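Here's the structure we're looking at; comments come further down.
Since every read-out is calculated from the coordinates, none of them should be taken as a lab result. These numbers come from a predicted model, not from an experiment. Cβ: placed from backbone, ideal geometry, glycine included. Neighbour counts: every protein chain shown.
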Amino acid sequence: MSDQVPPEVRPKPAVPAKPPNVASSLPPSAIPVPIGTHNGGHAGSHRSAGGSILLGYIGIDTIIEQMRKKTMKTGFDFNIMVVGNSGLGKSTLVNTLFKSQVSRRSAGWARDDKIPKTVEIKAVSHVLEEGGVKMKLTVVDTPGFGDLINNDNCWDPISKYINEQYEKFLKEEVNITRKKRIPDTRVHCCIYFISPTGHSLRSLDIEFMKRLSHSVNIIPIIAKSDTMTIEERLEFKQRVRKELEMAGIEFYPQKEFDEDMEDKSDNDKIREAIPFAVVGSDKEYQVNGKRVLGRKTAWGIVEVENPNHCEFALLRDFLIRSHLQDLKEVTHNIHYETYRAKRLNENGGLHPISSNGTQESNL
Ligand SMILES: Nc1nc2c(ncn2[C@@H]2O[C@H](COP(=O)(O)OP(=O)(O)O)[C@@H](O)[C@H]2O)c(=O)[nH]1
Ligand SMILES: [Mg+2]
């Protein structure tokens, strides 16, 4: 027998799993220990994080650069859904988040239009580019939600849309001639707009979040928070959090999916700050010689990105700068997986689909 050593047990990463700046980050296993600090004494050898000795440079650390180049070339999809009564600032907030007119101002209906009987679903895609990285952003708007006289089951069209996207993805996956890259239209994140009433959540809010929190990542936010005083805002946030807890609503980031202690401590801070009390605006003003996004009122300018004015920056950093990839992963590994397992268990499994779209027999 050879003197093979058993596989080593690798310790948990010593650096953040989600570094804020991808370009400057290295995986922990790629951080070489200075030469000569370990036993063995090979000149030019490195110790990997697990303790094994690398005899000279292999180039494992270039994987990050390779991944970066590939992502730069192909770009990636991000699909965001906004839900809440009309006039709560959904379109404005999406434009504020992406600093461009990615959402039409009033996707609702004009006063003299015939009022639709159900919630509409409108998906609009844009390609955004920053630092050479392309992102295909799809904004799914849900005009009509909560606006009808009878709001019973008004979550149904939304739930149907979410499941239809899972179904599309699943059909592509089981197709005999699969696409190299399956277009991803699955909703990665659903921002739920709570009206800044200062009272309680409405039963519609609770019902919606309860029903959909198992099929999509829900992030509740308090809309138009410039309409509340600091004390009102604080009190309302606490009350909403308590009500969400009492209703057993699991919003994103869900506790059960924290991967390690570091994840838990980062996510605990976010969970304590949810629902973010935000203000949106796509208008710029000059404040102290700088151009800022803000809302001009008779008593001053509310600066949306100023953390002393509102929690928009917290939401933006969380959604785009630290958790965007995780939102996609939770969608794929948890929500989609649940849907997939359920579908494949139904009727003895989903029949594979041939390239011309006709279903083939499993026999
Ligand atoms: N006070 C205040 N008004 C806002 C805010 N965000 C949007 N608005 C205004 O509210 C109105 C409705 O906004 P819109 O984005 O079309 O709402 P939607 O129907 O939910 O998409 C517009 O006049 C916006 O300028 C906010 O954070 N605070
Ligand atoms: Mg709108």
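Tabulated results
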read-out: Whole-Å distance, taken between Cα centres, linking region 57-108 and region 259-279; value: 20 Å
read-out: Karplus 3J(HN,Hα) series, Hz, for region 242-247 with 6.51 cos²θ - 1.76 cosθ + 1.60 (x for Gly, Pro); value: 5, 5, 5, 5, 5, 7
read-out: Spacing of the two label points (7 Å from each Cα toward its C-beta) at Val287 and Val124, in nm; value: 2.6 nm
read-out: Within region 177-279, trypsin sites (Lys or Arg not before Pro) in DSSP loop having at most 13 other beta-carbon neighbours inside 10 Å; value: Arg178, Lys179, Lys180, Arg181
read-out: Amide hydrogen neighbours beyond the local backbone of Ala277, cut-off 5 Å, H modeled; value: Ile222, Glu311
read-out: Among the listed pairs Lys134/Lys171; Lys73/Lys179; Lys69/Lys136; Lys242/Lys269; Lys99/Lys290, those beyond 19 Å (Cα-Cα); value: Lys134/Lys171
read-out: Environment charge of Ile121, counting only residues whose C-beta is closer than 10 Å and scoring Lys/Arg +1, Asp/Glu -1; value: -1
read-out: Counted charge near Ile320, where neighbours are those whose Cβ lies closer than 11 Å (Asp, Glu -1; Lys, Arg +1); value: +1
read-out: Estimated vicinal HN-Hα couplings, Hz - region 174-184 in sequence order (Karplus 6.51, -1.76, 1.60; Gly, Pro = x); value: 8, 4, 5, 9, 6, 5, 4, 10, 6, x, 9
read-out: In Hz, Karplus ³J(HN,Hα) per residue of region 130-143 (6.51, -1.76, 1.60; θ = phi - 60°; x = Gly, Pro); value: 8, x, x, 9, 9, 10, 8, 9, 10, 9, 9, 9, 10, x
read-out: Cβ-defined net charge surrounding Glu284, 14 Å radius [Lys, Arg +1; Asp, Glu -1]; value: +3
